1. Round to the nearest 0.05 the FRET efficiency obtained for Glu241 and Asp374 when R0 = 51 Å and r is the Cβ-Cβ distance.
2. Using the Cα gyration tensor of the chain, with a ≥ b ≥ c the square roots of its eigenvalues, what is the shape: rounded (a/c below 1.5), prolate (a/b larger than b/c) or oblate (neither)?
3. Pop the C-beta distance of Leu397 and Glu149 into the FRET formula with R0 = 60 Å and round what comes out to the nearest 0.05.
4. Residue-wise, which Karplus ³J(HN,Hα) couplings in Hz belong to the stretch 256-269, taking 6.51 cos²θ - 1.76 cosθ + 1.60, θ = phi - 60°, and x for glycine or proline?
5. Sorted by mean Cβ packing within 10 Å, highest first, what order do the peptides 281-293, 45-57, 97-109, 472-484 take?
6. Report the gain in length on full extension from Asn480 to Tyr197: 0.36 nm times residue separation, minus Cα-Cα distance, nm rounded to one decimal.
7. Using the beta-carbon distance between Glu387 and Glu82 and R0 = 25 Å, what value does 1/(1 + (r/R0)^6) give for FRET efficiency, to the nearest 0.05?
8. Please give the contour-minus-distance gain from Asp75 to Glu36: 0.36 nm per residue of separation, less the Cα-Cα distance, rounded to one decimal in nm.
Amino acid sequence: MTGSVYVFGLDGVPPELVDAGIDAGRLPNFERMRAEGTDGTTRSTVPPLSMIAWSSFATGRNPGNHGVYNFMLKDAGGYDTEFVTADTLREQSVPVWEYLDAEGLRSGVMNVMPGYPPSRTAGFHISDNITTPPSGSYAYPDELEADIEDRVGEYDVDPYESYDDGTDEGNLGDLLDTFFEIERKRIAVAKLLVEEYPAAFYSLVFSGPDNVLHVLGHVLNEDHPKHDPGVAARHRDKPLELLELYDDFLGWVMDEIGDDDTLMVLSDHGHGPIYQTINLNSWLYSAGYLDLESRPWTRLKQFGYNHIYDAVETVMSELNLFSKLKMGVARTSGDGSGPDLAELLTISRKDIDWNRTAAFTVASGGQIYLNTDDHDEGAISPGNYDEIRDRLRDQLLAIEHPERGDRVIDSVLYGEDVYGDAFADTRPDLVCMPAPGYQIQYPQTMKTNRVFGEPPKTGSHTSMNEMNGIFYAWGGPVKNESGVTVDLTDFAPTACSLLDVPVPEEMDGDVRGDVVDVESRRSRYDGKVEAKRAVREVVGGLSAE
């Protein structure tokens with residue numbers, strides 16, 4: 001008889017933070033997992049962004065095989081963009097819980113992005129805090145939402161009440177209090193789910209570490225230009241205090257699960273301080289690779305971003321409106337559901353003069369597209385593609401900060417080397433990885449007179465330094481090993497094998513026989529998932545009627 005598999009994600013936790021907590025004797029259950037099971041690191045995606053990373057975790061596929069490269073995706077052969085949702089991922093790939101569903105096994109999922117709309121598979125699914133709209137139903141089955149709110153209280157699917165950078169101590173305290181309260185409720189919800197919603201596979205993710213570390217970069221790093229020793233003394237312990245909450249939860253789970261069950265804990269990437277941002281669209285404009293239309297509205301927006309934007313952002317942040325507006329812009333960008341806020345408020349794709357543009361970005365994270373002739377107004381032919389791309393790559397690598405004098409871009413990778421060719425029509429042509437301390441910022445806030453700027457948060461995960469997350473495994477079939485490195489794509493195939501389910505051939509990850517004592521076999525699913533999807537569509541339609 002196979003046991004259940006419990007996988008808990010702690011978004012954004014760096015390995016050194018858990019190590020420090022164990023060394024200080026404050027994380028006894030992490031220490032127990034390390035002593036009795038397997039520990040190591042989890043290797044993230046390129047770039048180490050949560051949307052890409054959790055998509056790889058969910059599907060067992062590299063980004064090149066599930067097609068989710070960022071929070072925003074570019075249309076094939078065009079310039080329109082799409083905000084990623086769970087439907088995007090399901091159209092291009094298959095999450096592991098759908099494979100398990102096709103084999104008759106129940107799954108429980110919470111807060112794995114992209115999670116909206118929730119999967120209608122056997123078990124339960126709670127969507128994530130990024131893709132869930134304010135008016136969306138966040139849970140399946142429908143009665144689960146009411147059960148959570150009756151027994152635990154409001155489940156906050158949008159924790160970003162403020163986009164403050166945390167450098168004002170009063171605001172920082174309020175942010176931290178909010179994040180801690182959300183996580184206490186999430187842990188209570190997780191306990192309810194484990195106790196009363198049985199499943200063969202649980203995948204529950206907590207966003208609190210990522211939220212907290214985003215606003216503590218200047219607190220945790222003494223070299224940060226905004227570091228204040230007094231503020232640091234009062235708040236630097238907060239990350240470990242948060243981990244203590246999860247450690248208590250893990251101890252509870254370890255007491256609850258059976259002898260044949262497997263427990264795994266991971267984070268999707270690490271975290272580090274951010275000193276400066278670079279807007280690649282602004283740099284591409286200054287370097288002559290991107291041009292803007294001369295129409296009055298575009299010039300007005302250009303003037304606004306160059307001379308007014310910083311003041312407006314500050315006021316809106318103080319009113320707790322900036323993050324909500326930014327998310328609204330992303331969600332409505334080109335979706336046809338209403339006013340296109342991106343076109344109205346930002347330097348959008350309709351402001352770019354495509355006939356005079358060779359390269360552009362559509363989202364943060366350092367992914368650059370060339371305007372090849374398969375685009376609507378493409379300007380680069382196959383004959384000069386390599387020359388232009390290589391020249392652009394060399395120039396990107398040569399960027400230096402005008403005041404600090406250090407290199408800004410650590411590496412520039414070819415898109416096909418990172419992602420392969422499965423989704424070549426929407427794949428970036430170049431992927432820039434910034435040097436530690438730099439962040440590649442949201443392109444639509446481009447200032448044509450300024451390439452560098454202040455970071456929106458003092459901590460983030462953008463460089464190769466933040467590529468590693470945590471990994472712990474414990475339970476009946478888990479071996480006693482230390483120092484292993486697992487890939488985000490390894491979790492889904494390993495879970496399948498632990499549940500005695502054939503590993504789908506489409507998965508890129510490996511079954512980690514060095515971590516768990518398990519046999520594995522690969523198989524094609526030959527339409528099982530598609531058939532189950534069709535049945536659930538029919539059943540869902542009948543229920544609605």
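1. Efficiency, from the Cβ-Cβ distance: 0.45.
2. prolate
3. That pair, Leu397 with Glu149, gives E of 0.70.
4. With the stated coefficients, the stretch 256-269 comes to 7, 7, x, 5, 8, 7, 10, 10, 10, 10, 9, 10, 7, 5 Hz.
5. 45-57, 97-109, 281-293, 472-484
6. 98.9 nm
7. 0.25
8. Residue separation times 0.36 nm, minus the Cα-Cα distance, leaves 9.2 nm.
The values are calculated or read from the model by the stated rules, or taken from the named source; none is laboratory data. Everything quoted here is computed from the prediction, not taken from an experiment. Reconstructed Cβ throughout: ideal geometry from the backbone, glycine too, with neighbour counts over all protein chains shown. SASA here: full protein model, heavy atoms, side chains in, ligands and nucleic acids out. Shrake-Rupley method; radii C 1.70, N 1.55, O 1.52, S 1.80 Å.
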